[in-house]
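Structure record follows, encoded as structure tokens.
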Amino acid sequence: MKISMVLRKAQMEFKDLRLDYCGSLGNQSYFDEKCPPVIQNSSHIFTPSSGELITREGGYQCNAL
């Protein structure tokens, strides 16, 4: 199953969500609908170098188009 994920400026569009960029630590970028005080608690964690996206529902492998 293919699902679109778009990074645009400081936002991620994934499924029907528009997520704000909360920050980065190391090689991971954190996104959430409302950024938590501790960014590691964000609902979506993206690793650009590998294309891995981790959500509360599971993991996804992203490929550039």
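Tell me which label goes with the value of semi-axes √(5λ) of the Cα gyration tensor in Å computed from the coordinates here: (1) 25, 16, 7; (2) 17, 13, 11; (3) 29, 16, 9. Among (1) 25, 16, 7; (2) 17, 13, 11; (3) 29, 16, 9, the one calculated here is (2). Using θ = phi - 60° in the Karplus curve 6.51 cos²θ - 1.76 cosθ + 1.60, the 3J(HN,Hα) couplings for the range 32-44 round to 7, 5, 9, 4, x, x, 10, 4, 5, 8, 4, 6, 10 Hz; x is entered for Gly and Pro. Note: relative contact order over the chain, using C-alpha pairs below 8 Å and six or more positions apart, is 18 percent. Descending by average beta-carbon neighbour count within 10 Å, the peptides 35-46, 16-27 line up as 35-46, 16-27, the highest first. Taking the Cα centre of the chain as origin and assigning +1 to Lys and Arg Cβ atoms and -1 to Asp and Glu Cβ atoms, the resulting dipole is close to 120 debye.
Values in this text are rule-based calculations from the coordinates and carry no lab data. Just so it is clear, the model here is predicted, and its values are computed rather than measured. Cβ coordinates were reconstructed from backbone atoms using ideal geometry, including for glycine residues, and neighbour counts include every protein chain displayed.
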